[in-house]
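The values are calculated or read from the model by the stated rules, or taken from the named source; none is laboratory data. This structure is a prediction, so every number in the text was calculated from the model and none was measured. Glycine also receives a Cβ, built like all others from the backbone with ideal geometry; neighbour counts cover every protein chain displayed.
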Amino acid sequence: MRTIALEEHFATPAFLDGPERRLKEYAERTGGRFATLVANLLDVGDGRVAAMDAAKVDVQALSLTAPGVEQLEGEEAKAFARSTNDAISEAIRRYPTRFFGLASLPIGDPPAAVAELDRTVGEGGFKGIVINGHHRGRYLDDRFFLPVLARAEALELPIYLHPTQSPKPVTDAWYGGLKPIVGEMMANGGWGWHIETALHVLRMILGGVFDAHPELQIVVGHMGETLPAMLQRVDVVAPAMTGLMQPISAYLRENVHYTFSGFNFVSAFLELVLQVGVDRIMFSTDHPYQSMAEGRAFLDRLPVSPADRERIAHGNAERLFGI
């Protein structure tokens, strides 16, 4: 069975020496698991391909690890986006059947972001976009970003909306006063990332993004970033109130796709299936933050038919990303 994994991260040496230097510095101080994590982020060569073979993962969509370039500005954002995309292009050139690219964009400068998107598609054959949450407190429902969204729709490129930490006033209010390490974890992968991303998706819907761009498709990970559990509840905010063409749940079923991202929980998967159907669910492992082998084993034991497993493993991704 072919497998296409969609939330699979990497980093360039320059990125780990710059925007994400905290991770590299921590790995240098502590070694162990974090040193291995950094090494695996940097490896888009033979080592990664060997690990994919061992885990029975055929194809990875490469994307720059969070926090990405979204919190950068100006020339720095443009430079890191370009160098990141060039590194992905080189990996694809070396392993054309094993990787495809999700473009990083300097979204704080929409004309530059559109130009970089066009470049990645024209020169590198990229199949999608990764956006790591808000841009310095500005979300994708802001009309400022419409040129980027319109170009993504025109090119039929899905946007993978990856979590990032909430703006500082939010994290201070929600997690301040907790034990520091607990507050840090709750603001990130323990809770905050997922609530933040769910709210971002809802803002896009409520801001009319998908009424204006009905063919635009986005992808979220972690079995839906808490959205499936609230999918029916959010419809209390009805079209008579929102002015939208449809209930909120319709957009969550028609413009949003969902991946595993290391949430290898059968109960979460079944909730997602009940809410959105198998055709909107796709495989991912969240490498190297989570285990490729465990993600692949979870796929194999899902309580679905062989045909549905094939859709989740590769068919839905092939259709959405035009692979």
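A compact table of results
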item	result
Only one of Gly262, Gly295 that is touching a helix residue (DSSP H, G or I) at 6+ places or on another chain (Cβ under 8 Å), under 30 Å from Arg2 (Cα atoms) and modelled with pLDDT under 95	Gly262
Condition check for Ser249: in contact (Cβ under 8 Å) with a residue 12 or more places away in the chain, hydroxyl-bearing (Ser, Thr, Tyr) and over 18 Å from Val130 (Cα atoms)	yes
Gly183, sole failed condition from (1) in contact with a Phe, Trp or Tyr (Cβ under 8 Å, 6 or more places away or on another chain); (2) surrounded by 21 or more Cβ atoms within 10 Å (Cβ to Cβ); (3) more than 22 Å from Phe283 (Cα to Cα)	(2)
Residues (free of Cβ contacts under 8 Å to residues at least 40 places away in the same chain and basic (Lys, Arg)) located in the range 93-109	Arg93
Members of the range 139-154 that are outside any loop (DSSP other than H, G, I, E, B), in contact (Cβ under 8 Å) with a residue 12 or more places away in the chain and out of contact with any strand residue (DSSP E or B) (no Cβ under 9 Å at 6 or more places or on another chain)	Leu146, Pro147, Ala150, Arg151, Glu153
Residues that are of a type in the set (A, V, I, L, M), in a helix (DSSP H, G or I) and either more than 25 Å from Asp17 (Cβ to Cβ) or touching a strand residue (DSSP E or B) at 6+ places or on another chain (Cβ under 6 Å) (or both), drawn from the range 78-129	Ile88, Ala91, Ile92, Val114, Ala115, Leu117, Val121
Every residue from the range 119-144 that is more than 17 Å from Asn85 (Cα to Cα) and buried (at least 21 other Cβ atoms within 10 Å of the Cβ)	Gly133, His134, His135, Leu140
Candidate set from the range 23-59 (those that are at pLDDT 95 or above and β-branched (Val, Ile, Thr)); member that is surrounded by the fewest Cβ atoms within 10 Å (Cβ to Cβ)	Val49
Failed criterion for Lys127 (all others in (1) under 19 Å from the mean Cα position of the chain (by Cα); (2) on the phi > 0 side of the Ramachandran plot hold)	(2)
Subset of the range 155-195 (residues that are over 30 Å from Gly122 (Cβ atoms) and in a loop (DSSP other than H, G, I, E, B))	Gln165, Ser166, Pro167, Gly176, Gly177, Leu178, Lys179, Asn188, Gly189, Gly190, Trp191
Among (1) out of contact with any Asp or Glu (no Cβ under 9 Å at 6 or more places or on another chain); (2) under 27 Å from Glu8 (Cβ atoms); (3) modelled with pLDDT of 95 or more, the one test that Asn188 misses	(3)
Hey, Phe210 farther than 18 Å from Leu6 by Cβ, in contact (Cβ under 8 Å) with a residue 40 or more places away in the chain and assigned to a helix (DSSP H, G or I) or not	yes
Any helices (runs of 4 or more DSSP H) falling wholly within the range 217-315 and containing at least 2 residues that are under 20 Å from Gly192 (Cβ atoms) and within 19 Å of the chain's Cα centre (by Cα)	227-230
